[in-house]
Amino acid sequence: MISILILFINALSQLLVLLIIISIILSFFMDPYHPIRRAIDGVVDPMLAPIRRVVPLVGMLDFSPLVLIILIQVLSNILIRILGTLR
């Protein structure tokens with residue numbers, strides 16, 4: 001049971017990181033009102049909004065997606081290690 005939960009957390013974190021990367025790439029090429037981009041941004045933007053309030057822009061660069069990816073990786077690793085000790 002715990003191993004299934006560990007696999008789920010790992011898959012979810014990888015999916016979120018992939019969606020963030022896709023959102024970054026699509027922001028360069030796709031219209032913001034395109035249905036695919038709106039769907040992906042609907043998942044990613046609520047997670048990025050609190051980080052964007054804290055992390056300032058550096059010139060024209062927005063580092064909030066990078067911060068979010070790091071946070072997702074750290075949290076998933078912590079959860080997986082905690083669940084791993086419960087086996």
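The values are calculated or read from the model by the stated rules, or taken from the named source; none is laboratory data. As the structure is a prediction and not an experimental result, all values here were calculated from the model. Quick reminder, even Gly has a Cβ in these numbers, built from the backbone with ideal geometry, and neighbours come from all protein chains shown. Each accessible area value is taken on the protein alone, full model and side chains, heavy atoms only, with ligands, DNA and RNA left out. Shrake-Rupley method; radii C 1.70, N 1.55, O 1.52, S 1.80 Å.
Taking (1) free of Cβ contacts under 8 Å to residues at least 24 places away in the same chain; (2) in a helix (DSSP H, G or I); (3) exposed (fewer than 13 other Cβ atoms within 10 Å of the Cβ) in turn, residue 3 satisfies each apart from (1).
Can you tell me which residue is nearest to residue 79 (Cα to Cα) among those in region 11-30 that are in contact with a Lys or Arg (Cβ under 8 Å, 6 or more places away or on another chain) and assigned to a helix (DSSP H, G or I)? Checked region 11-30; the qualifying residue nearest to residue 79 (Cα to Cα) is 23.
Within region 31-44, which residues are surrounded by 12 or more Cβ atoms within 10 Å (Cβ to Cβ) and either of a type in the set (Phe, Trp, Tyr) or assigned to a helix (DSSP H, G or I) (or both)? Of everything in region 31-44, those that are surrounded by 12 or more Cβ atoms within 10 Å (Cβ to Cβ) and either of a type in the set (Phe, Trp, Tyr) or assigned to a helix (DSSP H, G or I) (or both) turn out to be 37, 38, 40, 41, 43, 44.
Give region 72-87 a look and list any residue that's touching a helix residue (DSSP H, G or I) at 6+ places or on another chain (Cβ under 8 Å) and in a helix (DSSP H, G or I), or say none. Matches in region 72-87: 72, 73, 75, 76, 79, 80, 83, 84. Contact map, region 44-72: first residue touching a residue at least 12 places away in the same chain (Cβ under 8 Å), second residue surrounded by 14 or more Cβ atoms within 10 Å (Cβ to Cβ) and among the small types (Gly, Ala, Ser), Cβ cut-off under 6 Å, separation 6 or more or different chains; pairs are 44/23; 48/64; 51/64; 52/64; 55/64; 72/13.
The rows are residues; the columns are (1) open to solvent by 80 Å² or more (accessible area, probe 1.4 Å); (2) within 12 Å of the chain's Cα centre (by Cα); (3) closer than 30 Å to residue 85 by Cβ.
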| site | (1), (2), (3) |
| --- | --- |
| 7 | yes, no, yes |
| 16 | no, yes, yes |
| 29 | yes, no, no |
| 47 | no, yes, yes |
| 54 | yes, no, no |
| 69 | no, yes, yes |
| 72 | no, yes, yes |
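Assess whether residue 86 counts as being surrounded by 12 or more Cβ atoms within 10 Å (Cβ to Cβ) and under 24 Å from residue 11 (Cβ atoms). Criteria not met by residue 86.
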